[in-house]
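Colleague: Sending over a structure as structure tokens; questions will come in a sec.
The values are calculated or read from the model by the stated rules, or taken from the named source; none is laboratory data. In this text, all values refer to a predicted model and were calculated from it rather than measured experimentally. Quick reminder, even Gly has a Cβ in these numbers, built from the backbone with ideal geometry, and neighbours come from all protein chains shown. We work out accessible area using only protein heavy atoms, side chains counted, and drop any ligands, DNA or RNA first. Shrake-Rupley method; radii C 1.70, N 1.55, O 1.52, S 1.80 Å.
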Amino acid sequence: MNAAPADQIRLLDLQAIDSRLDQLAHRRRSLPEHAEIDKAAADHGALKSLVVAAEAQLGDTTRELTKAEQDVEQVVSRSARNQQRLDSGAITSPKDLENLQHEVGSLAKRQSDLEDVVLEIMERMESSQTRVTELGARLEHSTVTLSEAEARRDAAFAEIDADAEKVRRDREAVAVVIPADLLKLYTRLREQQGGVGAARLYQRRCEGCRVEFAVSDLNAIKAEPKDAVVRCDNCGRILVRTAESGV
Ligand SMILES: [Zn+2]
């Protein structure tokens, strides 16, 4: 393949631009915010599950309390009815009177037991409520952490993308003047050779693979016409001769 020396040198400019674009893409992929966001999102998800569980527990405890309070109310009203009957003097049979007094006694004991249950449930409800409040605050904090990390990532994206946009415009201006067959070869080599398709010959070395050429190889390169597209024997990249190449 042949190409004007100036076009071959433009290929080095294009290579520098493409390497810059690769660097920007790499920076975009490896922002520390990606790991931060993953961690914050995992924390947020875990906290959300804990909040849901704590709220469910609080709901259960609240229903338990309502039920226990109803139990107390029933006993209280039954005691009141019994007391009314005692006070009314309608019960005259000593046996009935004794039974009723006995029931009043057991209801008082039952009421006291049920009130203890109510207190115990209220304590549990209070700690349940505290847990819901604490977890809610932690969830809110984790939401802020997550959205702050996302905002930092998006700001970094915007900066990188704006840089890349400028570089891409430069690329278009350079690429448009390079002959199509040379550009095609460069593109293929770039894909095969880890992003570098064209390298300068400098101080007897291929700057793509850093191999140093023997004098005989160098002489062979020197013997090539200026518009020949030379390839590195070692890496296969397009080897561009410039004024500093010494050949
Ligand atoms: Zn090479």
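To keep it simple, each residue is scored yes or no on (1) more than 16 Å from the ligand (Cβ to nearest atom); (2) closer than 30 Å to E33 by Cβ.
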site: S142; (1), (2): yes, yes
site: E148; (1), (2): yes, yes
site: R153; (1), (2): yes, yes
site: A164; (1), (2): yes, yes
site: L183; (1), (2): yes, no
site: L201; (1), (2): no, no
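Colleague: Given the criterion part of a helix (DSSP H, G or I), small (G, A, S), closer than 30 Å to I121 by Cα and in contact (Cβ under 8 Å) with a residue 24 or more places away in the chain, identify the matching residue among A54, A25.
Modeller: A54
Colleague: Return yes or no: is I238 of a type in the set (V, I, T), within 13 Å of the ligand (Cβ to nearest atom), without any contact (Cβ under 8 Å) to a residue 40 or more places away in the chain and open to solvent by less than 40 Å² (accessible area, probe 1.4 Å)?
Modeller: For I238, the condition - of a type in the set (V, I, T), within 13 Å of the ligand (Cβ to nearest atom), without any contact (Cβ under 8 Å) to a residue 40 or more places away in the chain and open to solvent by less than 40 Å² (accessible area, probe 1.4 Å) - is not met.
Colleague: Looking at segment 20-37, is at least one residue within 25 Å of the chain's Cα centre (by Cα), under 30 Å from Y186 (Cβ atoms) and hydroxyl-bearing (S, T, Y)?
Modeller: Within segment 20-37, one or more residues are within 25 Å of the chain's Cα centre (by Cα), under 30 Å from Y186 (Cβ atoms) and hydroxyl-bearing (S, T, Y).
Colleague: While we're looking at this one, here's another question. With R188, R210 as the choices, which residue is within 12 Å of the ligand (Cβ to nearest atom), modelled with pLDDT of 95 or more and open to solvent by 70 Å² or more (accessible area, probe 1.4 Å)?
Modeller: Result of the check over R188, R210: R210.
Colleague: Take the residues of segment 220-235 that are open to solvent by 80 Å² or more (accessible area, probe 1.4 Å) and assigned to a helix (DSSP H, G or I): which is farthest from the ligand (Cβ to nearest atom)?
Modeller: Of everything passing the filter in segment 220-235, A223 is farthest from the ligand (Cβ to nearest atom).
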